[in-house]
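The block underneath contains the structure these notes are about, expressed in structure tokens.
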Amino acid sequence: MLNPSLTELTTSATDAILAMECLVMLVYLRRSPSGNFLRMGLWSWVFGLLAFASLLGTLAHGLVMPDSLKTALWKPLYLCLGLVVSLFLAGVFLDWQGRDTAKRILPWSIGMGVLFFGITEVFNGAFLVFVVYEATVMVTALIVYSFLGATRRLKGAGIVALAVFLNILAAGIQTSSVSWTLGGVPLDHNGVFHLVQMAGVAVLAMGLRRGFSVDAQKGEDFFKAHP
């Protein structure tokens, strides 16, 4: 049975669109030429987990269900979101400090995601915990990619920095009481959050793909130099 709340239905709809967008962006990235399989793998997991979390959000917001079932849906959703942010952090270190550093911090980063899930369980699913956790990682990412873009050390870094900024903006909206009406369709803060996040996801994929094209060229140059 559909949720009788119109804003919950629009939140569910925007979650569904976000899930589909993430899958499209995942395919878009996977079709990019790249010689950096670790980078491709990390960011593929980010988009894939975000798509799955958005799908769970679609169900949680759009359907009327027993509280026990809704609570059960939020558990894997929070776990996915925690892992998305953790893998995002690993991707930041990969682009900033290189493959060896990224490999060293990857297990710790995944552990942070699991720890985040545990904290939300202790605090009874408090979304504020995720917002603080995400904000810390996103501010770090914004600084790093702004630096990489300004120094031209990574192609597409400036675009990724813009995507991170949009994600920070979306997180701020998520914790606010903002509401919009678009074409007669009401959107609460969750719906507006999803709209801004959609823009961030698209921009992120564009920036990453530009870097992947450079990775592919480096890979070709390496194999030419080492026949």
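The values are calculated or read from the model by the stated rules, or taken from the named source; none is laboratory data. Bear in mind the structure is a predicted one, so any value in this text is a computation, not a measurement. Ideal geometry is used to build each Cβ from the backbone, glycine not excepted, and the neighbour counts take in all protein chains shown.
Go through the range 165-209 and count every residue that is under 18 Å from Ala19 (Cβ atoms), of a type in the set (S, T, N, Q) and at pLDDT 90 or above.
3
Within the range 39-62, take every residue that is of a type in the set (Phe, Trp, Tyr) and surrounded by 21 or more Cβ atoms within 10 Å (Cβ to Cβ) and give me the one that is farthest from Leu18 (Cα to Cα).
Among those residues, the one meeting the criterion is Trp43.
Which one of these is loosely packed, with under 14 Cβ neighbours inside 10 Å and part of a helix (DSSP H, G or I): Leu166, Leu128, Leu106?
Leu128
Is it the case that some residue within the range 8-30 is surrounded by fewer than 19 Cβ atoms within 10 Å (Cβ to Cβ), free of Cβ contacts under 8 Å to residues at least 24 places away in the same chain and closer than 18 Å to Ala102 by Cα?
no
In the range 14-38, how many are more than 15 Å from the chain's Cα centre (by Cα) and among the charged types (D, E, K, R)?
So the answer is 2.
Table: residues versus (1) within 16 Å of the chain's Cα centre (by Cα); (2) farther than 22 Å from Phe165 by Cβ.
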site	(1), (2)
Phe47	yes, no
Leu73	no, yes
Leu87	yes, no
Ile110	yes, yes
